[in-house]
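Encoded as structure tokens, the structure appears first; notes follow it.
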Amino acid sequence: MKRKELHIAIDETLSDLLDVVSNFNQEQFNMAPDKDSWTPGEIAQHLVLSLSGFVELMNGRKPRWVVNGDIYNSPQLRAKLAS
């Protein structure tokens, strides 16, 4: 797969993700099936961060949310995870 095709596939995946999560109400979006599971919102956030970071790496840049090689060292990400 070429770079442009990969970018298109990522855009389509994010669009599909948005279509799926838009069907949830706020309570469903933030409700985990059990105490050891992620909420749909956490899963969506993880996918968006992962895909956007992958695109940045493909373009030769370090993802914004990685600081000193540590994903959890990012103040923005810590704030998002704490909310």
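The values are calculated or read from the model by the stated rules, or taken from the named source; none is laboratory data. Please read these numbers as outputs of a predicted model, since none were measured by experiment. Every residue, glycine as well, gets a Cβ built from its backbone with ideal geometry; the counts of neighbours run over all protein chains shown.
Details
- Residue 34 surrounded by fewer than 11 Cβ atoms within 10 Å (Cβ to Cβ) and either assigned to a helix (DSSP H, G or I) or not small (Gly, Ala, Ser) (or both): yes
- Pairs meeting the criteria (first residue in segment 39-66 and closer than 15 Å to residue 9 by Cα and among the aromatic types (Phe, Trp, Tyr), second residue surrounded by 14 or more Cβ atoms within 10 Å (Cβ to Cβ) and modelled with pLDDT under 75, beta carbons under 9 Å, at least 6 apart or on different chains) are 54/63.
- Top-ranked residue in segment 49-70 [being part of a helix (DSSP H, G or I) and surrounded by fewer than 14 Cβ atoms within 10 Å (Cβ to Cβ); ranked as modelled with the highest pLDDT]: 50
- Enumeration of residues in segment 1-31 that are surrounded by 11 or more Cβ atoms within 10 Å (Cβ to Cβ) and touching a residue at least 40 places away in the same chain (Cβ under 8 Å): 6, 7, 10
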